[in-house]
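Participant: The following block contains the structure, expressed as structure tokens.
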Amino acid sequence: MQLPLEGRNKEQKQILQEYRSKAEYYICACLNKNNSTNVKRTPGGLLYTRRWNNMQYVSNAALLLAAYSSHLRSTNQMLICHTGSVGPNEILSFVKSQVDYILGSNPMGVSYLVGYGPSYPQRVHHRGASTASYRDCKVFLGCMQGYHTWFVRHAPNPNVLVGALVGGPDLNDEFRDRRDNFAQTEACTYNTAPLVGVFAKLHELGKGSSSSTASPSLLPLVSFM
């Protein structure tokens with residue numbers, strides 16, 4: 001969030017400041033620190049934007065907040081929201097709460113990161129994961145065969161799509177693990193990608209290399225994969 005204002009003319013500075021103001025307003029909204037408009041949350045505390053693939057917004061917001069907390073710490077600043085100032089530790093604590101929810105600390109007790117923990121989605125909406133390989137079934141499967149034979153099966157996927165972050169629960173923290181429930185079980189690369197940076201930040205804090213004053217409450221709920 002470091003803005004390159006030096007050497008800019010007045011108009012450029014004004015535009016950059018507008019971008020910064022909007023970004024900080026959004027961060028305050030994620031933290032529920034605005035007077036009026038804030039990002040919705042489920043009863044379990046997950047940021048909620050929409051029913052279809054909500055986790056894309058959660059993981060991207062978590063990365064933005066984690067990066068902004070690093071900026072605040074490095075510049076010794078505070079985020080000023082409508083309801084008061086917020087420091088980097090408070091922001092990271094919220095980031096951790098979102099990661100904890102994703103990894104299984106939620107009302108359903110489900111890890112929405114496939115392959116992680118004792119309970120995760122078994123019927124991910126993904127052709128490669130839901131269709132058996134030639135090695136196992138000894139026949140080549142076309143598009144229509146894959147759809148008519150494998151898509152409608154109630155059994156778990158034959159292949160575990162390890163590391164995929166599915167769409168996640170609805171506004172009431174409820175999740176239906178069905179292959180045809182693509183709004184909740186579809187896996188997207190832009191869901192998982194931001195988590196790499198978030199995990200790296202939390203892992204750094206866990207090792208104590210980020211700051212000698214890092215709060216224990218910021219440590220990850222569980223060990224990483």
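Participant: Restricting attention to the stretch 101-115, report how many residues are buried (at least 19 other Cβ atoms within 10 Å of the Cβ), closer than 12 Å to V162 by Cβ and in contact (Cβ under 8 Å) with a residue 24 or more places away in the chain.
Facilitator: Qualifying residue count for the region: 2.
Participant: Here's something else I'd like to know. Does the stretch 133-152 contain any residue that is more than 30 Å from A67 (Cβ to Cβ), free of Cβ contacts under 8 Å to residues at least 40 places away in the same chain, among the β-branched types (V, I, T) and touching a Lys or Arg at 6+ places or on another chain (Cβ under 9 Å)?
Facilitator: Yes: one or more hits.
Participant: Further question: Among the residues of the stretch 41-58, write down those that are free of Cβ contacts under 8 Å to residues at least 40 places away in the same chain and part of a loop (DSSP other than H, G, I, E, B).
Facilitator: T49, R50
Participant: Does A155 count as over 24 Å from T42 (Cα atoms) and crowded, with 17+ Cβ neighbours inside 10 Å?
Facilitator: no
Participant: Oh, and also: For residues that are modelled with pLDDT of 50 or more, outside any helix (DSSP H, G or I) and of a type in the set (A, V, I, L, M, F, W, C), scanning just the stretch 182-220, find the one that is surrounded by the fewest Cβ atoms within 10 Å (Cβ to Cβ).
Facilitator: Ranking the qualifying residues of the stretch 182-220, first place goes to C188.
Participant: So R176 passes all but one of these: (1) under 21 Å from L46 (Cα atoms); (2) touching a residue at least 24 places away in the same chain (Cβ under 8 Å). Which condition number does it fail?
Facilitator: (2) is the only condition that R176 fails.
Participant: Looking only at residues in the stretch 60-79 that are touching a residue at least 24 places away in the same chain (Cβ under 8 Å) and more than 14 Å from F94 (Cβ to Cβ), which one is surrounded by the fewest Cβ atoms within 10 Å (Cβ to Cβ)?
Facilitator: Only one residue tops the list, namely T75.
Participant: Could you tell me which residue of the stretch 10-43 is surrounded by the fewest Cβ atoms within 10 Å (Cβ to Cβ), considering only residues that are within 23 Å of E90 (Cβ to Cβ) and of a type in the set (S, T, N, Q)?
Facilitator: Taking the candidates together, the pick is S36.
Participant: A further question on this structure: Name the single residue, out of those in the stretch 83-95 being in contact with a Ser or Thr (Cβ under 8 Å, 6 or more places away or on another chain) and not hydrophobic (A, V, I, L, M, F, W, C), that is nearest to D173 (Cα to Cα).
Facilitator: S93
Participant: Here is a further query. Among the residues of the stretch 69-82, are any in contact with an Asp or Glu (Cβ under 7 Å, 6 or more places away or on another chain), under 30 Å from W150 (Cα atoms) and not basic (K, R)?
Facilitator: No, because not a single residue in the stretch 69-82 is in contact with an Asp or Glu (Cβ under 7 Å, 6 or more places away or on another chain), under 30 Å from W150 (Cα atoms) and not basic (K, R).
The values are calculated or read from the model by the stated rules, or taken from the named source; none is laboratory data. All values reported here derive from a predicted model rather than from experimental measurement. Note that we place each Cβ from the backbone using ideal geometry, even for glycine, and neighbour counts take in every protein chain shown.
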